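**Q** Provided herewith is a single structure, encoded as structure tokens, for subsequent inquiry.
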Amino acid sequence: MTIEEFHLKLDTLLKGFPASGFETVTYKEIAELDKLYCETDDLGMELGKKLIFNLAEALKTRKSDGNTDESVQVRLTAMDFYIKNLQSGSTDL
């Protein structure tokens with residue numbers, strides 16, 4: 001997978017999260033995040049790996065009523081910032 005493919009898959013996956021509300025995020029979508037997490041090693045994306053892990057864990061905890069939406073939103077915002085900078089080429093991977 002190339003960085004461009006990774007970016008597209010991650011961006012597509014994350015676009016629906018805030019609009020639909022975090023309670024509607026499915027385990028299938030979380031599993032897709034986990035798959036992308038595994039791709040980060042091959043792409044050398046240390047920061048991306050950490051951010052995806054944090055977001056996936058927050059969503060898993062949210063599904064079990066352990067996190068607030070605000071907790072997930074903070075991680076989603078960090079991931080969104082990372083994606084925008086990745087697209088512009090101005091961030092460390």
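Values in this text are rule-based calculations from the coordinates and carry no lab data. Fair warning: this is a prediction, and the values are worked out from it, not measured in the lab. Glycine gets a Cβ as well: all are built from the backbone with ideal geometry, and neighbour counts include every protein chain shown.
**Q** Based on alpha-carbon atoms only, what is the radius of gyration of the chain relative to the globular estimate 2.2 N^0.38 Å?
**A** Compared with the compact-globule rule of thumb, the chain sits at 1.01.
**Q** With +1 on each Lys and Arg Cβ and -1 on each Asp and Glu Cβ, and nothing else charged, work out how big the dipole of the chain is about its Cα centre, in Debye to the nearest 20.
**A** 180
**Q** Step through the residues of the stretch 62-71 one at a time and calculate ³J(HN,Hα) from phi using the Karplus curve (6.51 cos²θ - 1.76 cosθ + 1.60, θ = phi - 60°), rounding each to whole Hz and writing x for Gly and Pro.
**A** Going residue by residue, I get 4, 4, 9, 6, x, 10, 8, 4, 5, 4 Hz, with x marking Gly and Pro.
**Q** What does a probe at residue 69 reach in the stretch 1-38, counting residues whose amide N is under 11 Å from the point 7 Å along Cα→Cβ?
**A** 18-24
**Q** Among 48, 12, 67, whose Cα sits farthest toward the positive end of the charge dipole of the chain (+1 at Cβ of Lys/Arg, -1 at Cβ of Asp/Glu, about the Cα centre)?
**A** So the residue we want is 67.
**Q** Label-point separation (nm) for residue 60 and residue 5, each offset 7 Å from Cα along Cα-to-Cβ?
**A** Reported label-point gap for residue 60 and residue 5 is 2.6 nm.
**Q** Treat each spin label as a single point 7 Å out from the Cα along the C-beta direction, and report the residue 24 to residue 42 distance in nm.
**A** 3.2
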